Amino acid sequence: MQLKDIKTQMSLATCTLLQIAVPAAQAEENEWDVETAILFYNEDDSRVSAVEPAIYAGRELGDDQRIDLRLVVDVLTGATPNGAHASSVAQTFTTPSGKDSYTVKAGETPLDDTFQDTRVSFGADWLIGLDRLSRLTLGGNLSKEYDYQSLGLSATYARDFNDRNTTLSASVGFSSDTIEAEGDIPTEFQPMVVEGGSRNREGADDDKTITDFMIGVTQVISRNTIMQLNLSLGNTDGYQNDPFKIVTVVDPATGLPATGAFFNTATTGNLPYVYEKRPDTRDRTVLYFKTVHHLDEDVINFSYRYYNDDWEITSHTFDLKYRYELEDSYLQPHVRFYTQDAAEFYTHNLALDSDVDATSGAVSLDYASNDYRLAESETVTIGLKYGVPLSNNSEFSVRGEFISQTVDDGSVPDGEETPDLDAIILQVNYSLLW
């Protein structure tokens, strides 16, 4: 299973799994800022669970240079939706390897409980001071999963103006990803076949490239307020399907998974599900605004993110944190609201005859997916963080969050709706200067 896709869902729900905190104190030259964290993520109904230990270390090198290193390990297990929807009859599916099958009871959302994956990711940034007012940051990232690997490079140039109250920045990032799906890459819009059958596969692996450009400005408004505004343009080119997602083919007369002609499983071996197909290009635009305001003691942190792409997904993210200072510690409540429109090719199912030829199985649509992550949805996150300095050079913090996601399927028959998703996050951090 592509861990990147699951992490994308977790990102929509809360943000990146590891949230590196500001070091407890500013490091001197030859001292390391070290941040360690472990995060636990758990979805309800025995769905995905994740454990993520991570470590970050940064150090001033002298001569206006700095290096930052990070290592993250993700371990995921549980059950994940396969793309088919619940039905009033029991449904049988073949596992990605094609060597086994599983049956879902009537009225239950089909989940593949064989899902598990481990990802190891290493990243590094090298900041170089070019002169008194400008600097260049070069970055690299390498991650490896069981069936997915990614190599990324980035460069950011920043220059200060206006007595260092204004900073302009520009960056470019590029990554090359390779997908090596369990059981090989499914052929788009071809049917899932019975266990042990001749699987519809088009190769052992596929790839995609991701390119991003960003320009931004950071402005000191006053002694207590700073604002940031970024504009990003990006493009993804290549394989963008989830190789494990399928779409149900239904008989419009009964509303049940198709059973005749091409999908007569007993004679053809074809199950009434076809592998999804998404466009192989995706252009996106992101506008991000953030402001931090320091009160007498407390700190307000607010951000807004607007996202739009040519898959017709538009999303809005509002994020608010309030750091409340106690006598020798702090509390930080967190509220986040996320909403998105559905992709233009998101569909609940495919209809026999109108969408799928009953004799040949040919799909007449250009693209189709019933992946709930592409559906119209809303996600609310509510959390609380508690932090306490242990010394002048170290800090301990713990963060807990509750996530609730609601998917709008549109007008679908009763019993076939995508269920709401609830999840919890617990994260423990320890930072120090070493």
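Only residues that are within 30 Å of G203 (Cβ to Cβ) and of a type in the set (V, I, T): list them for the range 130-181, please.
T178, I179
Pull out all pairs, ordered by first then second residue, where Cβ-Cβ is under 8 Å, the residues are six or more apart or on different chains, the first lies in the range 80-93 and is over 18 Å from V274 (Cβ atoms) and touching a residue at least 12 places away in the same chain (Cβ under 8 Å), and the second is in a strand (DSSP E or B) and not β-branched (V, I, T).
T80/L111; T80/D112; T80/F115; S88/L256; V89/L256; V89/P257
Test G107 against the criterion of being assigned to a loop (DSSP other than H, G, I, E, B) and crowded, with 19+ Cβ neighbours inside 10 Å, and give yes or no.
Taking the combined requirement at face value, the residue does not satisfy it.
Considering only the range 164-185, state which residues are out of contact with any Lys or Arg (no Cβ under 8 Å at 6 or more places or on another chain), over 19 Å from D64 (Cβ atoms) and not in a strand (DSSP E or B).
N165, E180, A181, E182
Out of everything in the range 316-342 that is charged (D, E, K, R), part of a loop (DSSP other than H, G, I, E, B) and over 26 Å from the mean Cα position of the chain (by Cα), what residue ends up being surrounded by the fewest Cβ atoms within 10 Å (Cβ to Cβ)?
Only one residue tops the list, namely E327.
Taking the condition at pLDDT 90 or above, part of a loop (DSSP other than H, G, I, E, B) and farther than 15 Å from Q427 by Cα, does S46 pass?
Considered against the rule, which asks whether it is at pLDDT 90 or above, part of a loop (DSSP other than H, G, I, E, B) and farther than 15 Å from Q427 by Cα, S46 comes out as no.
Checking the conditions here, which among F122, F115 is surrounded by 15 or more Cβ atoms within 10 Å (Cβ to Cβ), farther than 26 Å from L231 by Cα, under 27 Å from the mean Cα position of the chain (by Cα) and aromatic (F, W, Y)?
Only one candidate passes the filter, namely F115.
Quick check on T225: is it more than 29 Å from the chain's Cα centre (by Cα) and not charged (D, E, K, R)?
So T225 fits the description; yes.
Out of G216, G197, which single residue is buried (at least 16 other Cβ atoms within 10 Å of the Cβ) and under 22 Å from V363 (Cβ atoms)?
G197 is the lone residue from the list that is buried (at least 16 other Cβ atoms within 10 Å of the Cβ) and under 22 Å from V363 (Cβ atoms).
Filter the range 385-434 down to the residues that are more than 25 Å from F337 (Cα to Cα) and among the hydroxyl-bearing types (S, T, Y) and list them by number.
Scanning the range 385-434 gives S391, S394, Y430, S431.
So the check is Cβ under 7 Å with 6+ separation or different chains; which pairs have a first residue in the range 185-202 that's free of Cβ contacts under 8 Å to residues at least 24 places away in the same chain and a second one that's β-branched (V, I, T)?
Cβ pairs passing all conditions: R201/I185; R201/T187; E202/I185; E202/T187.
Across the range 401-434, which residue is surrounded by the fewest Cβ atoms within 10 Å (Cβ to Cβ) among those that are of a type outside the set (A, V, I, L, M, F, W, C), under 30 Å from Y330 (Cβ atoms) and more than 19 Å from the chain's Cα centre (by Cα)?
Per the criteria, the residue is Y430.
From the set of residues in the range 349-400 that are assigned to a strand (DSSP E or B) and of a type in the set (K, R), which is nearest to the chain's Cα centre (by Cα)?
By that ranking, first place goes to R399.
The values are calculated or read from the model by the stated rules, or taken from the named source; none is laboratory data. Quick caveat: nothing in here was measured; it's all calculated off a predicted structure. No Cβ is skipped: glycine too gets one built from the backbone with ideal geometry, and neighbour counts run over all protein chains shown.
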